[in-house]
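Colleague: Before anything else, here's the structure in question.
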Amino acid sequence: ADITTAAWTNNNYTVNVTTADAAVSVKYLAVGELTSVDTTTQSGLKAIYDNAQAVTGATVAVDSENNYVIIARVGDDPAVYQHVGTLTPGTNAWYDKTAPTVDIAEMVALTGVQDAKNGYSLDVSKLKKEDKLSGIAKVEYSLNGADYTEFTGDAIALEAQNFNGNVTFKVTDKAGNTAVSE
């Protein structure tokens, strides 16, 4: 199946593989780095096929953040191997189970600057947040454990004239994984 939308998920899913001929056997192998497999020679394709998992019910079970190399074998004597395709995270595979990271170590302490409306603006430019696979969907903050409020940019505008308490940050990636700061 051609998966072309960036519908990131942290749930396992399947990709349909349909052969045109019942004599074709299809297997797939999850590999971390594509440089670790040889898809350019018959011996390389056979090695992948021999170590791969058979496609069950015409589906590839996507349940890791690896690349999935799909190999077909036609015939037995001699068998011919064909690289059918590769599912690559962020290109045509959208599985992300790893939570993003959020780090407040460089923030030291949040101090506010009073603005013209008697509110405060908190500088959060040193908040470190990262997601290596699906990317960050949103960043939120909570004051003293209250509900989270989404924000963008390097500052949080507070309407309170005086605030003294704890600020916690929550980062959510496009697959729905979250990380909460100290």
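The values are calculated or read from the model by the stated rules, or taken from the named source; none is laboratory data. From a predicted model like this one, the values you see are computed outputs, not experimental measurements. Cβ placement follows ideal geometry from the backbone for every residue including glycine, while neighbour counts extend to all protein chains displayed. These area figures cover heavy atoms from the full protein model, side chains too; ligands, DNA and RNA do not enter into them. Shrake-Rupley method; radii C 1.70, N 1.55, O 1.52, S 1.80 Å.
Colleague: Going by what's in this entry, would ASP154 be described as open to solvent by 70 Å² or more (accessible area, probe 1.4 Å), at pLDDT below 90 and within 30 Å of GLY44 (Cβ to Cβ)? Break it down into steps so the answer makes sense when it comes.
Modeller: Details: open to solvent by 70 Å² or more (accessible area, probe 1.4 Å): yes; at pLDDT below 90: yes; within 30 Å of GLY44 (Cβ to Cβ): no.
For ASP154, the condition - open to solvent by 70 Å² or more (accessible area, probe 1.4 Å), at pLDDT below 90 and within 30 Å of GLY44 (Cβ to Cβ) - is not met.
Residue by residue, here is whether (1) among the small types (Gly, Ala, Ser); (2) within 15 Å of TRP8 (Cβ to Cβ) holds:
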| site | (1), (2) |
| --- | --- |
| TYR141 | no, no |
| GLU150 | no, no |
| GLY165 | yes, no |
| THR172 | no, yes |
| ASN177 | no, yes |
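Colleague: Identify all residues within region 157-178 that are in contact with a Ser or Thr (Cβ under 6 Å, 6 or more places away or on another chain), among the hydrophobic types (A, V, I, L, M, F, W, C) and open to solvent by less than 40 Å² (accessible area, probe 1.4 Å); write none if there are none.
Modeller: Result: PHE169, ALA175.
Colleague: Something else about it: Within region 137-153, count every residue that is small (Gly, Ala, Ser), under 20 Å from ASN164 (Cα atoms) and assigned to a strand (DSSP E or B).
Modeller: From region 137-153, those small (Gly, Ala, Ser) are 137, 142, 145-146, 153; that's our starting set.
Retained after the next criterion (residues that are under 20 Å from ASN164 (Cα atoms)): 142, 145-146.
Then keep just the ones that are assigned to a strand (DSSP E or B); that gives 142.
Here the count works out to 1.
Colleague: What are the residues in region 79-108 that are under 23 Å from SER64 (Cβ atoms) and hydrophobic (A, V, I, L, M, F, W, C), if any?
Modeller: Those that are under 23 Å from SER64 (Cβ atoms) and hydrophobic (A, V, I, L, M, F, W, C): VAL84, LEU87, ALA93, TRP94, ALA99.
Colleague: Just give me the residues in region 41-54 being touching a residue at least 24 places away in the same chain (Cβ under 8 Å) and open to solvent by 30 Å² or more (accessible area, probe 1.4 Å), in sequence order.
Modeller: Matches in region 41-54: GLN42, LYS46, GLN53, ALA54.
Colleague: Please work out if SER134 is at pLDDT 90 or above, assigned to a strand (DSSP E or B), buried (at least 16 other Cβ atoms within 10 Å of the Cβ) and of a type in the set (Gly, Ala, Ser). If you could, list the steps in order and put the result at the bottom.
Modeller: Values: at pLDDT 90 or above: yes; assigned to a strand (DSSP E or B): no; buried (at least 16 other Cβ atoms within 10 Å of the Cβ): yes; of a type in the set (Gly, Ala, Ser): yes.
Against the criterion (at pLDDT 90 or above, assigned to a strand (DSSP E or B), buried (at least 16 other Cβ atoms within 10 Å of the Cβ) and of a type in the set (Gly, Ala, Ser)), SER134 does not qualify.
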